[in-house]
């Protein structure tokens, strides 16, 4: 008779740590949505109903805390992380902007608050590197300053800022904003490829 291998499951301690971590990140979100001037450990502790020392154990610095929350937002959006190719960039901008609508209040708070800016800036070096890499073929032959401008414009078109602007000023939903951004990016890339020939 064959023995049955036990299913590997996280330990009780690991499960509890994951629940606590999730609760802490929900506390960050509650603070952002409340319009608090600052996401503080004390405020997150109250919102999450966990001791402040527990926050420090899971997230030793405020940067760690905000970066983890930004990762949670990416997870909710079904994001695959930073784009790695032109094709991924075009596919992702459509999908991600459509899903921004699902978490619109959180996105708005993340875009317009001081803490949201800090969260976004925590991944800025990776973002710049990713866009430069994804657009390397399209920007070959351009002067460094032109390459930077192209990457900057495309990153802006891919951003939550573009989504928010099209939503608030033009009443476009996330799907329409994603299509508009993808069209603009494709048009710019086609123009670059034509100028190469």
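Where a number appears in this text, it was derived from the coordinates with a stated rule and is not lab data. Quantities reported herein were computed from a predicted structural model and do not represent experimental measurements. Positions of Cβ are generated from backbone atoms using ideal geometry, with glycine treated the same way; all protein chains shown enter the neighbour counts.
Details
- Global form of region 1-76, assessed from the alpha-carbon gyration tensor, a/c cut-off 1.5: prolate
- Cα-based helix-to-principal-axis angle, 86-100 vs the chain, degrees rounded to 10: 50 degrees
- Between residue 149 and residue 187, the simple label model (points 7 Å from Cα in the Cβ direction) yields a spacing of 1.7 nm.
- Cα shape, region 55-99, gyration tensor, a/c 1.5 rule: prolate
- Mean residue ellipticity (222 nm) of the chain, computed from DSSP H runs ≥ 4 via -39,500 (n - 2.57), nearest 500: -23500 deg cm²/dmol
- Between the Cα long axis of helix 160-170 and the first principal axis of the chain there is an angle of about 70°, rounded to the nearest 10.
- For residue 52 and residue 117, a Förster radius of 22 Å and the Cβ-Cβ distance give a FRET efficiency of 0.35, rounded to the nearest 0.05.
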